[in-house]
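Notes follow the structure.
The values are calculated or read from the model by the stated rules, or taken from the named source; none is laboratory data. All of these numbers come straight from a predicted model, not from anything done at the bench. Positions of Cβ are generated from backbone atoms using ideal geometry, with glycine treated the same way; all protein chains shown enter the neighbour counts.
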Amino acid sequence: MIKKIDPRVKLLIVMCISSLGLAFTRMPMLLAVFLTGMLLSQVLKADLFMLIKRIRIILYLFAVLVIIQSIFVRSGDSLINIGSITILTTEGLSRGLAYLMRVLIILISGAIIATCDMRGLIQGLVQMKLPYDFAFMTSIGIKFLPLLMEELKDTLTAIQLRGIDIKSLPLKERTEIISYIFTPVFAGALTKAKKLSLSVECRGFRAFDKRTSILILKFSPVDYLAITLTFLLTATLIAANQYFI
Amino acid sequence: MNEFIRIEKLFCSLNKVQVLRNINISLNKSEFVSIIGPNGSGKTTLGKVVSGIIKQDSGDVFIDDKNIKDMSLPEIGRKIGYLFQNPDRQIFAPTVYEELSFAMKYKKTATDIIEKRVNEILNIFELSHLRDASTYSLSQGEKQRLALGAMLLNDPEYLILDEPTTGLDPKRKYELSKLLDSMVNRVGILLISHDKAFVLKHSHRIIELYDGSIINDKKN
Ligand SMILES: Nc1ncnc2c1ncn2[C@@H]1O[C@H](COP(=O)(O)OP(=O)(O)OP(=O)(O)O)[C@@H](O)[C@H]1O
Ligand SMILES: [Mg+2]
């Protein structure tokens, strides 16, 4: 039942929670959006655990960003001091946490989208009147992501196999090496894109203006119910943001 | 006992598919050993396990009597030079020169020595005219030679070469042949290849894999 929820509904849900996440600034409201997102992702059986496992490497980056955000905000009362130097202020802490919440909300959105099957998602986008080209590009992008991750890992391996112990290098050289890791991956992505576009042209992509499709999505009663609930929830959250806090 | 690599009761699976079954091999530095076998028989996987890129399910691999479980990738890399089947996978610097000088730069080798050794390799692999070329626009055979050259600059004690002859023209293949000949006895070599003539020409010993098991291990 839940599995059959229309991809368009999932897109709507994701659009709502992620825009709320970006629009709200106060911590309690962000927390509310986050919890709603968590709840929805559980109902839709999104695999949060898998997602976290996949983006483990990037999580460090997020953690660093949260800490930087917290430390560099100087306004507010001081919370942690070393001698006379203020390390963390109340404002800094709340900004850092707000940033963390937003990242988490985006991640949850990603996990919800990941429950759609690719074909359904493209069809959803097309039926929402998005040009097929864009829908196709989106799907290609999503498909290539794991491949890119794999290439990152390979390059990292290749560098280490040259006998370079990245962990023992000083910070400056370590950052230099990061650029070595990313350049081939981006260059490779560009080459791949060129080859792909050629092969897609060769098979007659866009030879005709109109495309027909075997798969046609139709809203079921459950979908209508889910849409209504999504709007209600969004409205409630907006109202709460306006009047209560 | 001059065995350099010892593989014991090695089992390995990728995505729950059993790829290597009960592999036992001893390799020493004075030997040129080839691994042959059909596509998908597990040759590449075996090479990757030995160089620490893939973790095995069970069994052990020892390099110089040290279990690779207790070694880091850089540690293994300093002893073993592994040539990827696809050279794109191991070339990461933007230019040929940077690719070759990369490891020495981070090992704090003196500039004049780096210069000298890179030039040596550029000559051996006939890449001098491409010294400042972008690595992305190299031809397949040029990439193959660059990857080999970069690996040799590391002074490995043992080479694992996964299909080093693919993409090489007859002349370059002959040059590679000569180069390997000149290294035999100093550096141990494990060659993975479908190139029958090349295998027969160089090997002291040929190991045949089929469906993840060794079905033949004989002197050549
Ligand atoms: N990441 C992976 N996940 C699942 N199976 C894999 C993976 N990588 C390789 N395999 C499978 O493992 C088997 C052995 O692969 P391997 O690359 O070692 O073969 P090979 O002997 O090197 O073949 P070739 O001669 O084509 O290079 C193949 O059946 C392959 O499909
Ligand atoms: Mg192979």
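State whether the residues of the stretch A:229-245 include one that is touching a helix residue (DSSP H, G or I) at 6+ places or on another chain (Cβ under 6 Å) and surrounded by fewer than 13 Cβ atoms within 10 Å (Cβ to Cβ).
yes
I'd like to verify a number: residues in the stretch B:83-100 that are over 19 Å from the mean Cα position of the chain (by Cα) and more than 10 Å from chain A (Cβ to nearest Cβ), how many?
3
Condition (residue is under 20 Å from A:Ser41 (Cα atoms), free of Cβ contacts under 8 Å to residues at least 60 places away in the same chain, in contact with a helix residue (DSSP H, G or I) (Cβ under 8 Å, 6 or more places away or on another chain) and more than 14 Å from chain B (Cβ to nearest Cβ)) applied to the stretch A:123-140: is it met by at least one residue? Lay out the reasoning, then the answer.
Restricting attention to the stretch A:123-140, the residues satisfying the condition of being under 20 Å from A:Ser41 (Cα atoms) are A:124.
Applying the additional criterion that residues be free of Cβ contacts under 8 Å to residues at least 60 places away in the same chain yields none.
There is no residue in the stretch A:123-140 that is under 20 Å from A:Ser41 (Cα atoms), free of Cβ contacts under 8 Å to residues at least 60 places away in the same chain, in contact with a helix residue (DSSP H, G or I) (Cβ under 8 Å, 6 or more places away or on another chain) and more than 14 Å from chain B (Cβ to nearest Cβ).
Restricting to the stretch B:64-82, count the residues that are in contact (Cβ under 8 Å) with a residue 60 or more places away in the chain, more than 7 Å from chain A (Cβ to nearest Cβ) and surrounded by fewer than 23 Cβ atoms within 10 Å (Cβ to Cβ). Break it down into steps so the answer makes sense when it comes.
Within the stretch B:64-82, the first condition is being in contact (Cβ under 8 Å) with a residue 60 or more places away in the chain, and the residues that meet it are B:64, B:77-82.
Next, only the ones that are more than 7 Å from chain A (Cβ to nearest Cβ) stay: B:64, B:79-81.
In the following step, the residues that additionally are surrounded by fewer than 23 Cβ atoms within 10 Å (Cβ to Cβ) were identified as B:64, B:79.
Adding up the residues that qualify gives 2.
Only one of these is within 14 Å of another protein chain (Cβ to nearest Cβ), crowded, with 20+ Cβ neighbours inside 10 Å and farther than 28 Å from A:Thr191 by Cα: B:Leu209, B:Leu148, B:Leu159. Name it.
That would be B:Leu159, the only listed residue that is within 14 Å of another protein chain (Cβ to nearest Cβ), crowded, with 20+ Cβ neighbours inside 10 Å and farther than 28 Å from A:Thr191 by Cα.
Output the number of residues of the stretch B:68-117 satisfying the condition of being outside any loop (DSSP other than H, G, I, E, B) and either charged (D, E, K, R) or more than 23 Å from B:Asp162 (Cβ to Cβ) (or both).
Result for the stretch B:68-117: 22.
Counting just the residues of the stretch B:24-49 that are within 12 Å of ligand 1 (Cβ to nearest atom) and of a type in the set (A, V, I, L, M), which one comes out farthest from the chain's Cα centre (by Cα)?
This residue is B:Ile36.
Looking at A:Asp117, is it among the acidic types (Asp, Glu) and buried (at least 18 other Cβ atoms within 10 Å of the Cβ)?
So A:Asp117 does not fit the description; no.
Could you tell me whether the stretch A:177-196 includes any residue that is polar (S, T, N, Q) and within 9 Å of chain B (Cβ to nearest Cβ)?
Our first condition is that a residue be polar (S, T, N, Q); within the stretch A:177-196, this holds for A:179, A:183, A:191.
Keeping just the survivors that are within 9 Å of chain B (Cβ to nearest Cβ) gives A:183, A:191.
Yes, the stretch A:177-196 contains a residue that is polar (S, T, N, Q) and within 9 Å of chain B (Cβ to nearest Cβ).
Please determine, by comparing only the residues of the stretch B:136-168 that are acidic (Asp, Glu) and either away from ligand 2 (no atom under 16 Å from the Cβ) or not in a strand (DSSP E or B) (or both), which one is farthest from B:Lys107 (Cα to Cα). Full working, then the answer.
Residues of the stretch B:136-168 acidic (Asp, Glu): B:142, B:155, B:157, B:162-163.
Those still in the list that are either away from ligand 2 (no atom under 16 Å from the Cβ) or not in a strand (DSSP E or B) (or both) too: B:142, B:155, B:157, B:163.
On the way: B:Glu142: 26, B:Asp155: 13, B:Glu157: 18, B:Glu163: 29 Å.
Ranking the candidates gives B:Glu163 first.
Can you pull out the residues in the stretch A:150-164 that are over 16 Å from A:Thr183 (Cβ atoms) and either small (Gly, Ala, Ser) or more than 7 Å from every other protein chain (Cβ to nearest Cβ) (or both)?
Listed by number, the residues that qualify are A:Glu150, A:Gly163.
Only one residue in B:Ser34, B:Ser51 is within 16 Å of ligand 2 (Cβ to nearest atom), modelled with pLDDT of 95 or more and polar (S, T, N, Q), so which one is that? Step through it out loud before you land on a result.
On the way: B:Ser51 fails: modelled with pLDDT of 95 or more.
Only one candidate qualifies: B:Ser34.
With the condition kept exactly as written, say whether any residue in the stretch B:7-14 is in contact with a helix residue (DSSP H, G or I) (Cβ under 8 Å, 6 or more places away or on another chain), within 26 Å of B:Asn154 (Cβ to Cβ) and within 16 Å of ligand 2 (Cβ to nearest atom).
Yes, the conditions are met somewhere in the stretch B:7-14.
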